[in-house]
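Structure, as structure tokens:
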Amino acid sequence: MIEVRFFATLRDGRGKVMQVDAEKAAVAGDILRLCEIKPEEVAILLINGFHSKPEDPVKDGDVISLFPPVGGG
């Protein structure tokens, strides 16, 4: 399983954590698709605490953290 952690507004309707079957995802972008998140909705994507891109590979046991763009002024 791959653990997906959502932060800020990405938690809306999803909760804080979701488990995704590792066999359904080869790259981080597959995780976004499975979670119904558009890539432009994610400002920071971490795989096991390291900055990553949607095309980076994922594997069983990984922890994916997703952060939206920060607003404010």
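Quick note: the coordinates plus some simple rules give every number you see, no bench work behind them. No experiment lies behind these values; they were computed from the predicted model shown. Glycine gets a Cβ as well: all are built from the backbone with ideal geometry, and neighbour counts include every protein chain shown.
Please sort 40-47, 62-69 by packing, taking for each peptide the average over its residues of neighbouring beta carbons within 10 angstrom, highest first.
62-69, 40-47
Using Cα positions and a limit of under 19 Å, work out the lysines in reach of K59, with same-chain residues fewer than 8 apart set aside.
Reachable lysines: K24.
Please give the net charge around V17, taking every other residue with its beta carbon less than 11 angstrom from that of V17, where Lys and Arg add +1 and Asp and Glu add -1.
+3
Pull up the DSSP beta bridges for the chain and report the antiparallel fraction as a percent, rounded to 5.
In the chain, approximately 75 percent of DSSP beta bridges are antiparallel ones.
By a straight-distance test (C-alpha under 17 Å), which aspartates and glutamates pair with K16 as possible cross-link partners, with residues fewer than eight away in the same chain excluded?
K16 reaches E3, E36, E41, D62.
Which one of P69, I47, A22 has its Cα pushed farthest toward the positive end of the charge dipole of the chain, where Lys and Arg give +1 and Asp and Glu give -1 at the Cβ?
The residue sitting farthest along the positive end of the dipole is P69.
In the chain, what is the volume of the convex hull around the alpha carbon atoms, normalised per residue and reported in Å³?
Expressed per residue, the convex hull around the Cα atoms of the chain is 81 Å³.
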